[in-house]
1. Based on what the data block shows, is A:I113 buried (at least 17 other Cβ atoms within 10 Å of the Cβ) and within 19 Å of A:S55 (Cβ to Cβ)?
2. Take A:T78 and tell me if it is more than 10 Å from chain B (Cβ to nearest Cβ), among the polar types (S, T, N, Q) and exposed (fewer than 15 other Cβ atoms within 10 Å of the Cβ).
3. Applying the selection to the range A:32-62, what residues are under 21 Å from A:A77 (Cβ atoms), of a type in the set (V, I, T) and at the interface with another protein chain (Cβ under 8 Å from one of its Cβ atoms)?
4. Tell me which helices (runs of 4 or more DSSP H) are completely within the range B:69-155 and hold 1 or more residues being open to solvent by less than 60 Å² (accessible area, probe 1.4 Å) and touching a residue at least 60 places away in the same chain (Cβ under 8 Å), or say none if there are none.
5. Do we find that A:T65 is outside any loop (DSSP other than H, G, I, E, B), facing another protein chain (nearest Cβ under 10 Å), at pLDDT 95 or above and within 26 Å of A:S120 (Cα to Cα) in this structure?
6. Scan B:G57, B:G14 and give me the residue that is within 10 Å of another protein chain (Cβ to nearest Cβ) and modelled with pLDDT under 90.
7. Since A:N137 meets every condition but one in (1) more than 14 Å from chain B (Cβ to nearest Cβ); (2) assigned to a loop (DSSP other than H, G, I, E, B), which condition does it not meet?
Amino acid sequence: MLLGGTLAVAYITDRGDWTTSIRMAPEQPIPFSHKHHVKDDGIDCRYCHTGVETSGYAGLPPTETCMTCHSQIWSNATLTQPIRDSWASGKSIEWVRVHDLPDFVYFNHSIHINKGIGCSTCHGRVDEMPLTYRVNNLYMEWCVNCHRNPAKYIRPKSEVFNIEYQYPANQAELGPQLVKEYHVQSLTDCVTCHR
Amino acid sequence: MYRRKVMAGVVLAGALGLTACRQDMHNQPRYKPFAATSFFGDGRSARPAIEDTVARGQLHLDQARYTGKENGKDISYFPIQITRADVARGQERFNIFCSPCHGRLGDGHGMIVSRGLRQPPSYYDPRLVNAPVGHFFDVMTNGYGAMYSYASRVPVDDRWRIASYIRALQASAAGASAGASQNGAASPQNGAVSQNGAGQSGRAGGLQ
């Protein structure tokens, strides 16, 4: 019982939302809503995250991108004041990283995007998040789960940025077909991510 | 009772022992993209390029291609080869970056306009139908009126591809009003046909 209890508490401490910060939106300088910008306004992920197709890092938009609309819309609102302050002073808006991978892991957005892994596969329904939070714990088992069997999670390249994408009933056939077509390798060497 | 408390203590201590607390490897002494630093006065670890330096491969000598102008005047031809694939790419980029305000049809009825942004002109306005193609490149590069510059967001050649798609939109509208004659739609003016002979963008009038 002692051992069982210890393991149970350890498991909960290790996997619980409190430890992994899943579903907990950190406080940001501006309560930015992906729900509003993506779902209500229909703005594509790439409008702001311009680097996601070509670089390892998806890219956080510069203040200029915010000002493209907010120089005219909500241009007197208190909530958007930090944008105008940043624009006037040239100082960065200090956003808090939501997906903070451990430093011993190498990750590259562009290769995933270009091989048919959709944004929502890892980031969840960002279009339904009034405040941004993580839906996956980013543990190694979670990464490896897909690296061992990409056919289960792959989608057609044309659907990568479709946040409402649902896997079709014939994913068991389509998946392996896409894996072959896109030359997806099931990379599970340690050095793939720990380089 | 006492025994139970001791047992709970042991369980908790053991559990904490099983979940590591040290984060040295997680947070190594290096910067991730855009990480904050106390080293530089502006607090940024990402450094801006020093003024007047030119990065390798970014010496933009081809004035027409990088500014859309020649001798201060908007050019009326495409300085890069435009194929059907380029127009399709232009359509995709247009829908990402332009359609929020200009609308998917380019008529100026985008979603953000309905939210209160000043309405942009329709591409079917005779002024824009007759504008040289370099004008569209120039507007994307430097902004115009209420529109900000997109130079930092859309790479140079993608701006030309977007321009080719705008021409395709205009040509398709012209084709529709001319009874969608097969060849009528394929004659957009002012440089839908590139100088180096790859003028397929005109034929893309029916691409939607």
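1. Working: buried (at least 17 other Cβ atoms within 10 Å of the Cβ): yes; within 19 Å of A:S55 (Cβ to Cβ): yes.
It is true that A:I113 is buried (at least 17 other Cβ atoms within 10 Å of the Cβ) and within 19 Å of A:S55 (Cβ to Cβ).
2. Judged against the criteria, A:T78 is a match.
3. A:I43
4. Per the criteria, B:84-93, B:126-129, B:133-142.
5. yes
6. Numbers: B:G57 fails: within 10 Å of another protein chain (Cβ to nearest Cβ).
Result: B:G14 is the single residue among B:G57, B:G14 that is within 10 Å of another protein chain (Cβ to nearest Cβ) and modelled with pLDDT under 90.
7. It fails just one condition, (1).
This table checks each residue for (1) of a type in the set (A, V, I, L, M); (2) at negative phi; (3) surrounded by fewer than 14 Cβ atoms within 10 Å (Cβ to Cβ).
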| site | (1), (2), (3) |
| --- | --- |
| A:I83 | yes, yes, no |
| A:I117 | yes, yes, no |
| A:T121 | no, yes, no |
| A:E164 | no, yes, yes |
| A:A172 | yes, yes, yes |
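The values are calculated or read from the model by the stated rules, or taken from the named source; none is laboratory data. Given the structure is predicted, the values throughout are model-derived calculations rather than measurements. Positions of Cβ are backbone-derived with ideal geometry, glycine not excepted, and every protein chain shown enters the neighbour counts. Calculation scope for accessible area: heavy atoms of the full protein, side chains included, ligands and nucleic acids excluded. Shrake-Rupley method; radii C 1.70, N 1.55, O 1.52, S 1.80 Å.
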